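This structure is in structure tokens; I'll ask about it shortly.
Rule-based calculations on the coordinates, nothing more; no lab input. What you see is a predicted model, and the numbers here were worked out from it, not measured in a lab. Here the Cβ positions follow ideal geometry from the backbone for every residue, glycine too, while neighbour counts run over all protein chains shown.
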Amino acid sequence: MAVTAPETSATSVTERRRRAWRPWLLRLTLTIASGFVFYLSFAPRPLWWLAPIGFAGLAVALRGRRLWGGLGYGFAFGLAFNLPLLLWLQDFLGAQFGPWPWLGLAVALAAYLGVGGALCTLVARLPWSPVWMSMIIIATETPRAWFPFGGFPWGRVAFSQPEGAFLPLASIGGAPLVGFAVVLTGFAVPSLVSRLRHREWRRAFLPAGGVVLPVVAGLALWPTVGTAAETGSLTVATVQGDAPNVGIALMDEQDTLRANHLAQSERLTQEIRSGAVPKPDLVVWPESVTDLQGPDPVLDKTVADLGAPTLVGTVYRHAGETQNSVFVWDPRTGRGEDYSKQQLVPFSEHVPARALAQLVTPFVNGFYDMTPGSRPAVLDVAGTKVATPICYEIAYDYVVRDGVDHGGQLIVLPTNTAWFGESEMSYQQLAIARLRAVEHSRAVVVSATSGVSAIVEPDGTIMRSTSEFTAASLVGRVPLRDTTTLSDRLGAWTEYGLISVAVAAVLAGLVLRWRTRRAGAKETRATGAG
């Protein structure tokens with residue numbers, strides 16, 4: 001007995017240690033799998049319903065965790081999501097620059113979800129905890145849209161929902177409300193399963209509401225999403241001239257881009273004259289397909305031949321500045337008013353910290369900073385006002401909202417996604433445009449250099465689209481609408497409201513934790529005294 005007892009004791013200790021690792025590994029595996037499932041809900045896959053499933057997995061991993069555990073699991077979820085989502089950065093930079101920009105951005109975005117996971121543990125003991133936890137996750141999307149270096153809002157929860165049950169909620173509260181509904185649906189699942197497993201039928205009603213109500217609310221709103229023309233309609237044509245699939249080397253192909261789009265415009269002109277396509281009221285060129293420094297007789301002739309006002313995306317150089325601009329080009333009077341991109345891409349269109357940039361981007365040596373615009377994204381063209389966010393700006397709520405608030409009856413998105421090869425990036429951007437269509441009750445025309453160009457109806461339905469890396473044009477009739485959605489009227493207040501409640505919930509969770517610890521300390525002292 002004296003010999004075997006220590007051996008038995010040592011064996012049991014070893015076994016306990018071994019078992020202690022199993023729950024941690026299982027939770028980590030579940031978290032990573034859930035983050036990847038969330039990624040699979042994004043375009044080009046029409047699997048919007050996977051998003052709440054991904055968050056349900058994260059909620060299971062966070063149950064019963066403390067602050068540091070929540071931080072770790074939230075970060076792992078974010079990394080498993082962002083690494084595949086942002087893989088198009090590798091298509092852009094190429095193998096010669098290594099994986100560091102891609103990894104750095106994915107880690108930075110995952111850190112926000114890590115903070116969200118940590119804060120979720122502070123509210124987990126509050127009543128209706130899935131509601132507060134969901135608000136916290138969505139609240140972390142706001143600071144990452146502006147910090148650091150102007151932020152990077154790509155991959156917001158709502159951007160996984162260009163179709164499906166949650167999409168109509170965009171007309172009520174925009175991207176923040178859609179994202180909140182998705183996360184709440186997922187986060188309420190573990191609570192519901194736990195109540196049902198323990199046969200706590202009455203206590204199951206609240207989590208059941210969290211699972212069911214967002215879906216029901218979205219479905220109930222579908223009939224309210226209008227698509228009919230209210231102030232007339234326009235026949236719009238896009239010019240997709242195509243571009244070389246060379247990634248970052250596209251910066252040396254400006255002449256090729258211009259020549260391709262001039263050639264495609266000529267083909268479109270011939271189709272119009274032959275009657276193969278209807279005569280457009282408006283033609284849209286993509287983003288930054290030609291340099292512009294002064295008068296351009298070739299563009300004057302091209303637009304005159306098209307016979308319709310044309311929006312032309314340019315790299316505009318003037319007065320010692322360079323701007324990413326869209327110009328109105330009239331077939332009779334030539335170049336008119338312009339809109340310049342306000343939200344420039346950090347480490348691409350401007351370098352906010354050059355010493356740091358030398359480590360993560362190839363643009364530093366000899367790179368010039370573009371100058372951001374300061375006016376709302378709206379232009380008067382073809383007898384109407386058109387909201388004109390440029391490329392990356394479609395991910396920022398305020399840019400499109402300001403354009404619509406200033407009278408935009410149609411949204412036009414000139415974009416140059418040829419930088420990113422045959423990746424998912426162009427499809428991800430189109431998904432955001434579809435969400436904006438419902439959010440603002442406007443048709444959206446996407447004009448891309450190499451695809452995907454598309455005409456989107458106000459309910460987010462794709463009327464027609466092109467393939468990637470082909471020269472093509474789209475011609476279609478789009479409705480003009482002046483409806484003001486509730487999302488437009490509320491503006492950023494939906495976002496501010498969610499953030500305020502999330503902050504209040506965290507403070508309440510801290511107070512509850514402090515009181516619990518204080519009560520525990522009193523009980524310990526009383527027991528000791530006894």
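Once every DSSP H run of n ≥ 4 in the chain is given -39500 (n - 2.57) and the sum is divided by its residues, what mean residue ellipticity at 222 nm do you get, rounded to the nearest 500 deg cm²/dmol?
Calculated at 222 nm, the ellipticity per residue is -16500 deg cm²/dmol.
Then there is this: Can you tell me the order of 214-223, 82-91 when each peptide is scored by its average per-residue count of other Cβ atoms within 10 angstrom, highest first?
Listed from highest to lowest mean packing, they are 82-91, 214-223.
Semi-axes of the equivalent ellipsoid for the range 403-465, please: Cα gyration tensor eigenvalues, times 5, square-rooted, ordered largest first, whole Å.
Result for the range 403-465: semi-axes of 21, 12, 9 Å.
In whole Å, what is the distance between the alpha-carbon centres of the range 188-253 and the range 378-456?
17
Run through the DSSP bridge list for the range 233-489 and note the antiparallel percent, rounded to the nearest 5.
Antiparallel bridges: around 65 percent, rounded to the nearest 5.
Taking N as the number of residues in the range 22-72, what is its Cα Rg relative to 2.2 N^0.38 Å?
Here the answer is 1.22, to two decimals.
If you don't mind, there's one more thing I want to ask. Given 10 °C and 1.306 mPa s, compute D for the range 233-489 with the Stokes-Einstein relation, Rh being the Kirkwood radius over Cα pairs; round to the nearest whole µm²/s.
My calculation gives 88 µm²/s for D.
Right, next: DSSP beta bridges in the chain, what fraction antiparallel, as a percent rounded to 5?
65
Separate question: How much of the DSSP bridge set in the range 399-464 is antiparallel, in percent, rounded to the nearest 5?
Roughly 50 percent of the beta bridges in the range 399-464 run antiparallel, per DSSP.
Relative contact order of the chain, please, whole-number percent, based on alpha carbon pairs below 8 angstrom and at least 6 residues apart.
For the chain, the relative contact order is 17 percent.
Sort 29-41, 166-178 by packing, meaning the average of other beta carbons within 10 Å per residue, with the highest value first.
Per-residue Cβ counts within 10 Å, averaged per peptide and sorted highest first, yield 166-178, 29-41.
What spacing in nm lies between the two simple spin-label points modelled at ALA108 and GLU266, each 7 Å away from Cα in the Cβ direction?
In this crude label model, ALA108 to GLU266 measures out at 4.3 nm.
Something else now. Give me the number: length gained by fully extending LEU40 to THR483, i.e. 0.36 nm times residue separation minus the C-alpha to C-alpha distance, one decimal in nm.
Value of the extension gain: 156.1 nm.
How much FRET efficiency would the formula 1/(1 + (r/R0)^6) give for TRP201 and TRP100, where r is the Cβ-Cβ distance and R0 is 45 Å, rounded to 0.05?
E between TRP201 and TRP100, to the nearest 0.05, is 0.25.
Another question about this same structure. Set the Förster distance to 41 Å, then compute FRET efficiency between VAL503 and THR29 from the Cβ-Cβ distance, nearest 0.05.
0.80
Tell me, what is the Rg over Rh of the range 152-198, with Rh the Kirkwood radius over Cα pairs?
Looking at the range 152-198, the ratio lands at 1.11.
So what are the three principal axis dimensions of the chain from its Cα atoms, in whole Å, longest to shortest?
So the three principal-axis extents are 100, 51, 37 Å.
Starting from the Cα-Cα distance between TRP514 and TRP49, subtract it from 0.36 nm times their residue separation and give me the gain in nm to one decimal.
Extra length from TRP514 to TRP49 when fully extended: 163.6 nm.
May I ask you to derive the relative contact order of the range 430-513, considering only C-alpha pairs under 8 Å and at least 6 residues apart, and to give it as an integer percent?
22
Calculate the spin-label point distance for THR470 paired with SER274, positioning each point 7 Å from the Cα along the beta-carbon direction, and give it in nanometres.
Spacing of the two 7 Å Cα→Cβ label points: 1.7 nm.
A further question follows. How large are Rg and Dmax for the range 140-246 when only the alpha carbon atoms are used, in Å?
Over the range 140-246's Cα set, Rg and Dmax evaluate to 19.8, 62 Å.
Two decimals, Cα atoms only, Kirkwood Rh: what is Rg/Rh over the range 431-502?
In the range 431-502, Rg relative to Rh is 1.12.
If you average 1/r over every pair of different alpha-carbon atoms in the range 64-171 and take one over that average, what Kirkwood value in Å do you get?
Hydrodynamic radius (Kirkwood, Cα pairs) of the range 64-171 is 15.1 Å.
Further, regarding this structure: Could you run the Debye sum over the Cα atoms of the range 245-357, one equal point scatterer each and no solvent, and tell me log10 of I(q)/I(0) at q = 0.11, 0.12 Å⁻¹, two decimals?
-0.41, -0.48
Which whole-number percent is the relative contact order of the range 188-305 (Cα, under 8 Å, 6+ apart)?
Value for the range 188-305: 25 percent.
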